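One structure is given below, encoded as structure tokens.
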């Protein structure tokens, strides 16, 4: 492996983590086993290093206006202390990336894109900078604490933490803590300068272990997000996919006067539709597997896995729009073997209160 390393790299190796390449980084894929880490998050609490995610700080009186033009969702009314999920589109309304923007203070917004798209998102926002607005790529780490017992863990380390609602953010300078995550469980994401990351990782992991939790790797993060039906950029959403096709219209403020991709978003009909499938037998769907009904191919799986919670296979994939309503029986072919399942509207499992 030859990739970027998190400031927490030494801690992961000391814990015996299985390291792997991910989006140009060497990151912990698992520690003691994916199913155990997944279950810890669903039942108790898990601690993830997600430092590979980008951190872009946009500052200035015109910062929100710049982001309002660059991103699909509305940023001009994002009040300090709140966060919002959004997309960045190209001129054809293809999804360049999905990201969350955190309003830390008036004229200070933190955008967090996916690792593999950080440079492209930075380039696109930078091209729209004007007036009183600057853009900085921060050398920060991110530690995600996820699970039903995450509140007590984070409050053990940060006793002054207020009672944050979902998608709310609090700054205890220089640390930023948000009530957000990618697991469907109650959780927090802790942003910290890289130089301080090891201190906070050790403290949060110690508190998590006291609460019956453990470190969790990116493999468990993937099975957790799959159970919630959260799309992964590069798999389930990309520049060949529009928000309508991915059922992400809710992340587009179509009433805005302008944003990149608005015209195409409004005029282009969907050419495919994202669905979920829960398997009825032992076949585990994988990316690239084909979806059939009555012997006719209708689409392709974009993400598939074994659900540790449901003890069966689940999948996300694209089919012809309107061809497979919820409840419809389908078959998925994996390595020449077809398994049966039914179309469901994600999430595949329920989640704890956000």
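Computed values, structure above
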| read-out | value |
| --- | --- |
| Checklist (1) touching a residue at least 40 places away in the same chain (Cβ under 8 Å); (2) closer than 23 Å to residue 192 by Cβ; (3) out of contact with any strand residue (DSSP E or B) (no Cβ under 8 Å at 6 or more places or on another chain) applied to residue 91, failing item | (2) |
| Residue in region 277-300 that is in contact with a helix residue (DSSP H, G or I) (Cβ under 9 Å, 6 or more places away or on another chain) and surrounded by 13 or more Cβ atoms within 10 Å (Cβ to Cβ) present | no |
| Residues of region 108-123 classified as farther than 22 Å from residue 164 by Cβ and over 20 Å from the mean Cα position of the chain (by Cα), total | 1 |
| In region 257-277, the residues that are farther than 30 Å from residue 330 by Cα, outside any helix (DSSP H, G or I) and out of contact with any strand residue (DSSP E or B) (no Cβ under 9 Å at 6 or more places or on another chain) | 257, 258 |
| Within region 34-69, considering residues that are out of contact with any strand residue (DSSP E or B) (no Cβ under 8 Å at 6 or more places or on another chain) and outside the structural domain of residue 13 (by TED's automatic domain parsing), the one surrounded by the most Cβ atoms within 10 Å (Cβ to Cβ) | 68 |
| Failed condition for residue 171, given (1) surrounded by 21 or more Cβ atoms within 10 Å (Cβ to Cβ); (2) in the same structural domain as residue 209 (by TED's automatic domain parsing); (3) touching a residue at least 60 places away in the same chain (Cβ under 8 Å) | (1) |
| Positions within region 93-111 being buried (at least 24 other Cβ atoms within 10 Å of the Cβ), within 18 Å of residue 254 (Cα to Cα) and out of contact with any helix residue (DSSP H, G or I) (no Cβ under 8 Å at 6 or more places or on another chain), in sequence order | 95 |
| Strands (runs of 3 or more DSSP E) (entirely within region 278-346) containing at least 2 residues that are more than 24 Å from the chain's Cα centre (by Cα) | 290-293, 296-307, 329-334, 337-344 |
| Identity of the residue in region 70-92, touching a helix residue (DSSP H, G or I) at 6+ places or on another chain (Cβ under 6 Å) and surrounded by fewer than 17 Cβ atoms within 10 Å (Cβ to Cβ), that ends up farthest from residue 57 (Cα to Cα) | 92 |
| Residues of region 178-197 that turn out to be in contact with a helix residue (DSSP H, G or I) (Cβ under 8 Å, 6 or more places away or on another chain) and surrounded by fewer than 21 Cβ atoms within 10 Å (Cβ to Cβ), as a count | 2 |
| Exclusive hit being free of Cβ contacts under 8 Å to residues at least 40 places away in the same chain and within 17 Å of the chain's Cα centre (by Cα), set 249, 236, 222 | 249 |
| Failed condition for residue 5, given (1) without any contact (Cβ under 8 Å) to a residue 60 or more places away in the chain; (2) within 18 Å of the chain's Cα centre (by Cα) | (2) |
| From the options 178, 150, residue that is closer than 26 Å to residue 237 by Cα and touching a residue at least 24 places away in the same chain (Cβ under 8 Å) | 178 |
| The one condition in (1) closer than 20 Å to residue 257 by Cα; (2) assigned by TED's automatic domain parsing to the domain that holds residue 149 that residue 75 fails to fulfil | (2) |
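The values are calculated or read from the model by the stated rules, or taken from the named source; none is laboratory data. Bear in mind that the values here come from a model prediction, so they are computed numbers and not experimental data. Using ideal geometry, Cβ is built from the backbone for each residue, glycine included, and neighbour counts are taken over all protein chains shown.
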